[in-house]
1. Note down the net charge around residue 77, summing +1 for each Lys or Arg and -1 for each Asp or Glu among other residues with Cβ under 11 Å from its Cβ.
2. Could you name the lysines in cross-link range of residue 66, using Cα to Cα under 25 Å and dropping any fewer than eight places away on the same chain?
3. Ranking 132, 44 by Cβ neighbours within 10 Å, fewest first, what do you get?
4. How high is the FRET efficiency from residue 93 to residue 37, r the C-beta distance, R0 22 Å, rounded to 0.05?
5. What is the ratio of the Cα radius of gyration of the range 32-138 to 2.2 N^0.38 Å, where N is its residue count, to two decimals?
6. Using r as the Cβ-Cβ distance of residue 125 and residue 49, and R0 as 22 Å, what FRET efficiency do you calculate, to the nearest 0.05?
7. Taking amide H atoms as placed 1.01 Å from N in the peptide plane, list the residues 5 or more away in sequence, or in a different chain, whose amide H sits under 5 Å from that of residue 115.
Amino acid sequence: MSGPRHADRPSHTEGSPLNPDELEVAPGTRHESVQGWIPELATEEELRIALEKAFDYRGDITITLKDGSNVEGYVFDRVAGPSLETSFARILLKDSNQRQKIAYADIRALAFTGRDTAAGKSWEAWVRKYWEQKAAGGTELGLQPESLD
């Protein structure tokens with residue numbers, strides 16, 4: 001017993017060249033810029049969506065707590081529980097190595113205040129810069145870290 005041969009498939013016969021645009025099965029990723037955004041947190045769902053975006057954001061955010069105090073830093077982890085009281089964001093505080101755990105239920109406002117360090121960064125941009133350095137006679141070619149200031 002044998003199945004159809006690979007060469008017998010209609011896509012591999014003469015006269016039917018493969019079109020890569022027609023073969024695309026998944027849309028590309030679109031990155032939205034949230035730098036400077038102050039989301040409306042009127043509902044639980046809006047708070048959860050904003051904190052998911054904060055987790056994906058590569059900059060600092062400022063969280064205003066219900067007691068009026070502010071916490072500024074980088075969201076490096078979050079736990080989405082069944083309620084706001086059991087959901088937490090973990091933040092690396094700005095200008096220190098301290099970490100703070102904040103319950104979603106304690107958050108009154110959220111603002112994307114820090115610079116998005118990943119904005120505009122892409123493989124294509126790195127390759128372009130690499131070839132520009134090489135064409136200029138650069139001897140130290142490669143990816144150099146960018147200052148976070």
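Please treat every number below as a calculation from the coordinates, not as lab data. These numbers were taken from a predicted model, which means no experiment stands behind them. A quick note on method: Cβ atoms are made from the backbone with ideal geometry, for glycine too, and the neighbour counts reach across all protein chains shown.
1. Charge balance in the 11 Å sphere: +4.
2. Within reach: 53, 94, 101.
3. Details: 132 10, 44 13.
Placing the least packed residue first, the sequence is 132, 44.
4. The calculated FRET efficiency here is 0.60.
5. Ratio of Rg to 2.2 N^0.38 Å for the range 32-138: 1.32.
6. Working: r = 29 Å, r/R0 = 1.30.
Efficiency, from the Cβ-Cβ distance: 0.15.
7. Residues meeting the amide H criterion: 60.
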